[in-house]
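Everything on this sheet refers to the single structure shown next.
The values are calculated or read from the model by the stated rules, or taken from the named source; none is laboratory data. Since the structure is predicted, the reported quantities are computational estimates derived from the model, not experimental observations. Counting neighbours? That spans all protein chains shown, and the Cβs are built from the backbone with ideal geometry, glycine included. What goes into the accessible areas is simple: the full protein's heavy atoms, side chains included, and nothing from ligands, DNA or RNA. Shrake-Rupley method; radii C 1.70, N 1.55, O 1.52, S 1.80 Å.
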Amino acid sequence: MKTKAIKFVIPALAVLFAIATSAFTALDNPNAAEKMAMNGYIPTGNFQNPCELIQDVDCNLTGSQLCTYGGAPVYEKIQGTSCVNQLRRDPQ
């Protein structure tokens, strides 16, 4: 009887140990999201549609140079009737 219990418990513990190990070894990089290509907005000058969406610009929140797209500054989001938080990019 003890042998059957041990044969059941050992694999179950191995599975639990594998799950716990994988959960604690995953890398948590808080700056990863800041370095990804993201959507940005450029101002249009139109009151009804103040910002135009530009997808997957090579900009982030922490670069050292201001980000532009076609000569226009790129912003993070729309707030009310204006684009806010100008994005940046790392020098290349």
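Here are the numbers:
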read-out: Matching residues in segment 54-87 - criterion: being open to solvent by less than 70 Å² (accessible area, probe 1.4 Å), touching a residue at least 12 places away in the same chain (Cβ under 8 Å), assigned to a strand (DSSP E or B) and not hydroxyl-bearing (S, T, Y); value: I54, V57, N60, A72, P73, E76, C83, Q86
read-out: Top-ranked residue in segment 1-53 [being among the hydrophobic types (A, V, I, L, M, F, W, C), modelled with pLDDT of 75 or more and under 30 Å from S82 (Cα atoms); ranked as most open to solvent (accessible area, probe 1.4 Å)]; value: F47
